[in-house]
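Notes follow once the structure below has been shown.
The values are calculated or read from the model by the stated rules, or taken from the named source; none is laboratory data. The shown structure was predicted, so the numbers you read here are calculated from the model rather than taken from an experiment. No Cβ is skipped: glycine too gets one built from the backbone with ideal geometry, and neighbour counts run over all protein chains shown. Ligands, DNA and RNA are excluded from the accessible area calculation, which covers all protein heavy atoms including side chains. Shrake-Rupley method; radii C 1.70, N 1.55, O 1.52, S 1.80 Å.
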Amino acid sequence: MDNAPARAPHIVVVGGGISGLAAAHRLLASGARVTVLEGSAVLGGKLLAGEIEGAPVDLGAESMLARRPEGVDLARAVGLGDRIQAPAAAGAAIWTRGALRPMPTGHVMGVPAEPGTLHDILSAEGLARVAQDRELPPSEVGEDIGVGEFVARRVGREVVDRLVEPLLGGVYAGDAYKISMRAAVPQLYEAARTHGSLLDGVRDIQARAAARAQSGPVFAGLDGGIGTLPAAVAEAVRARGGEIRTEAPVLRLARTADGWRIRTDAELIAADGVILSTPAWSASELLGAEAPVAAAELAEVEYASMVLVTLAFRRADLAGLEERSGFLVPPVDGRTIKASTFSSYKWSWVKERGSDLFVLRTSIGRYGEERHLDWDDADLVDVSLGDLGDAVGLSARPVASRVNRWIGGLPQYPVGHLAKVARIRAEVAKLPGLRVCGAVYDGVGIPACIASARRAADEIIATSTLARNTQSDAGQ
């Protein structure tokens, strides 16, 4: 028997967003040979660094959860450890009932442990309804339930409409009444299962968090923008011998006797394994022939689209703006913008590199609200300025603006989403050397996407068919 060393398996990663790049980085650390195929000209997916009036800004996602390790660990691994920064300004607000009101503390996705913490946000009737939670009989949550549906049942619709909805909307741009509690707020789901009172469940969550003595910032960004992370990961992938091809759309996947064949618009590539790190609709098309059940499930995944409007003002024109990180806007108040970030207050690197500028941005669009995508850039800027004028008294005109439309930017996690993901993964796992990862499966945040990528990479490497010894195979 020939004892020649086994060849390194060749894995193709389809998709060059942060999930695909993180998967490639993980695969290379395990000794695989890696090719990343990205259909567009730009790597990074929803992470995009840019500039306005010479000041660097994020034109997509701007931060990552710091108390979950995957994002900051990857940043450190690719040489960005000294650029990790916590937000410089805290103190977000809710713009509701005609005023900017401080974001309450001591809540879990807007659900309090005590009604009194919401006195600035809710009406007297709303506060009284919250207090009824401890008098109500326990509510059944079953295998899953909508966040808004359950929270409204326990503490009233005002909590959902004025707190849960804008907070969840900042993550998913979705409808809180339809979003899965089990998938989106699992700690709240567990509390609902184990406590008769939702308020008591939130109090228990807070007590356990205090016992873990978590310290440090909740969120983190990068000096120069979180959008610089994909480029740094790509550079590390190339430095380890990985190949990254942009403008290389994948048209077809086919299983063969000895692996996979990947058809791009220019060539046919042989691989031992494939990781699909693409949006659900793309993964569905590519899996149609080989995994039709998974493809059908993926075709049902819906997405929210949104617009980010970045505005640069002369700093002197905004001298009276109260220092805070920004504010959220409940949909129930009928405004166009759903949030605003005061970037020059929130991130010290924005302030330092645009010293005579003040940069802020607004976000527009939620699930089911697509009309704003067709508006002219100038109209989107004007409606943002109108809402900002009503919220904070802003009357100045910007010296520059940038509008970025994120079509299909955020997958929706409706009730039953985790069961759908389990079915997709079970079908995909029937095909040796194939895995999926990305925001569709395990969470839309950057650390969750990286964790999803690592899982896919580790499972691919562990697949026995990839440990093949080419020479000994030939000699058998």
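Remarks
- Amide H to amide H, with H built 1.01 Å from N, S40 comes under 5 Å of E247, A248, counting only residues 5 or more places away or on other chains.
- Probe 1.4 Å, all protein chains present, accessible-area order of S30, S395, largest first: S395, S30
- Carbon plus sulfur fraction of accessible area for the chain, probe 1.4 Å, in percent: 50 percent
- Distances between placed amide hydrogens fall under 5 Å for V13 paired with T35, V36, L37, I275, all partners being 5 or more residues away or on another chain.
- Region 162-216 shape via C-alpha gyration tensor axes, a/c threshold 1.5: oblate
- The alpha carbons of the chain occupy a box of 80, 57, 43 Å along the principal axes, longest dimension given first.
- On Cα atoms only, tilt of 377-392 relative to the major axis of the chain in degrees: 40 degrees
- Taking the C-alpha atoms only, the angle from helix 229-239 to the longest principal axis of the chain is near 20 degrees.
- Cα shape, region 97-176, gyration tensor, a/c 1.5 rule: oblate
- Pairs of Cα atoms nearer than 8 Å and 6+ residues apart set the relative contact order; for region 63-145 it is 14 percent.
- Remark: the Cα gyration tensor places region 1-153 in the prolate category, a/c being 1.5 or greater and a/b exceeding b/c.
- In whole percents, the pair-distance distribution calculated for region 245-311 from its alpha-carbon pairs, binned every 10 Å from zero, is 18, 43, 25, 10, 3, 0.
- Rh by Kirkwood over Cα pairs, then Stokes-Einstein D for region 134-233 at 1.002 mPa s and 20 °C, µm²/s: 140 µm²/s
- Since only G148, I275, A316 are under comparison, the one whose Cα sits farthest along the positive direction of the charge dipole of the chain, derived from C-beta charges on Lys, Arg, Asp and Glu, is I275.
- Spin-label model, A396 to D379: label points 7 Å out along the Cα-to-beta-carbon direction sit 2.8 nm apart.
- The distance separating the Cα centre of region 76-93 from that of region 8-66 comes to 19 Å.
- Calculated accessible area for the chain comes out at 41 Å² per residue, all protein chains present (probe 1.4 Å; ligands, DNA, RNA ignored).
- When the alpha carbon gyration tensor of region 289-436 is reduced to an equivalent ellipsoid, its three semi-axes come out at 40, 17, 13 angstrom, largest first.
- Taking all protein chains together and rolling a 1.4 Å probe, R26 ends up with roughly 90 Å² accessible.
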